[in-house]
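So the structure is just underneath, and the comments pick up after that.
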Amino acid sequence: MKDLFLMGGPFMSALTILLVITTAWIFYHFIVAYNSKSTDKTVFLRKLGYGRMMGLFSLTTGVLGQMIGFSGMFSIIQANTEQGLEIRPEIVFEGIRATMICTIYGILIYLLSLLLWFIASILIEKKQTKQVSV
């Protein structure tokens with residue numbers, strides 16, 4: 001796991017920070033909304049939606065990390081071919097695999113944020129309907 005993190009490059013640290021911020025944001029606003037006496041569903045769901053948007057930002061950051069990785073890989077390939085060196089397909093495939101780590105991590109963070117948002121919004125709506133019926 002540590003090897004994948006290091007192979008993913010500098011964007012992996014930024015994605016990990018975004019993961020922590022996103023989950024903390026969603027958990028905090030869910031706890032505040034669930035423990036609130038007067039639940040204003042629209043305000044709380046909007047704040048939870050911001051957590052979902054942070055997850056989307058993580059996905060975008062992962063794709064950006066992959067594009068920058070591709071750019072660096074293509075620059076190295078171009079420099080080596082200009083020097084007359086042969087580029088083996090295994091090296092190119094390993095570079096593509098390394099660039100995909102950021103994107104996969106960003107996708108996982110986004111999926112986690114969607115799952116947390118979905119569960120939290122359902123629980124808040126259930127609490128809202130219980131308060132209205134009482």
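A short reminder: the numbers here are calculations on the coordinates, not readings from a lab. It should be emphasised that the depicted structure is a prediction, and the values quoted were computed from it without experimental measurement. Every residue, glycine among them, receives a Cβ derived from its backbone with ideal geometry; neighbour counts consider all protein chains shown.
The magnitude of the dipole of the chain, with charges of +1 and -1 set on the Cβ of Lys/Arg and Asp/Glu and taken from the Cα centre, is near 1040 debye. Considering only Thr16, Thr61, Thr81, the Gaussian network model of the chain with Cα springs below 10 Å gives its largest mean-square fluctuation to Thr81. Per-residue ellipticity at 222 nm from helix content only, as computed over the chain with -39500 (n - 2.57) for each DSSP H run of at least four residues, stands at -32000 deg cm²/dmol. Sequence-distant contacts, meaning Cα pairs under 8 Å at least 6 residues apart, place the relative contact order of segment 2-133 at 40 percent. Against the longest principal axis of the chain, how steep is helix 41-82, in degrees 0 to 90 to the nearest 10, with axes from Cα atoms? With both axes taken from Cα atoms, the answer is about 0 degrees.
When averaged across all projection directions, what area in nm² does the alpha-carbon convex hull of segment 1-70 cover?
On the way: hull surface 20.9 nm².
Result: a mean projected hull area of 5.2 nm².
In whole percent, what relative contact order does segment 7-58 give with Cα contacts below 8 Å and a gap of six or more residues? Write down the numbers at each step before the final one.
Values: 22 pairs, mean separation 26.4, N = 52.
Result for segment 7-58 is 51 percent.
In summary, the aspartates and glutamates within cross-link reach of Lys37, defined as a Cα separation below 18 angstrom excluding same-chain residues under 8 places away, comprise Glu125.
If I fit a long axis through the Cα atoms of helix 11-35 and take the longest principal axis of the Cα atoms of the chain, what angle between them do I get, 0 to 90°, rounded to 10? The two axes meet at around 10 degrees. Kindly express, to the nearest 10 degrees and within the range 0 to 90, the angle between helix 89-133's C-alpha long axis and the longest C-alpha principal axis of the chain. With both axes taken from Cα atoms, the answer is about 0 degrees.
In this label model, Leu115 and Ala79 are separated by 4.0 nm, measuring between points 7 Å along each Cα→Cβ vector. Report the normalised scattering of the chain as log10 I(q)/I(0) at q = 0.12, 0.13 Å⁻¹, calculated by the Debye formula with identical scatterers on the alpha carbons. Here log10 of I(q) over I(0) equals -0.58, -0.64.
Computed from the C-beta positions of Phe27 and Leu56, the FRET efficiency with R₀ = 25 Å rounds to 0.90.
Given R₀ = 35 Å, what would the calculated FRET efficiency be for Phe70 paired with Tyr34, taking r from the Cβ atoms and rounding to 0.05? Walk me through the numbers on the way to the answer.
Working: r = 43 Å, r/R0 = 1.23.
The pair Phe70/Tyr34 has a calculated efficiency of 0.20.
If you take the Cα centroid of segment 51-94 and the Cα centroid of segment 109-132, the two points sit 37 Å apart. Counting only residues at least eight positions apart within a chain, or on another chain, the aspartates and glutamates with an alpha carbon under 16 Å from that of Lys126 are Asp40.
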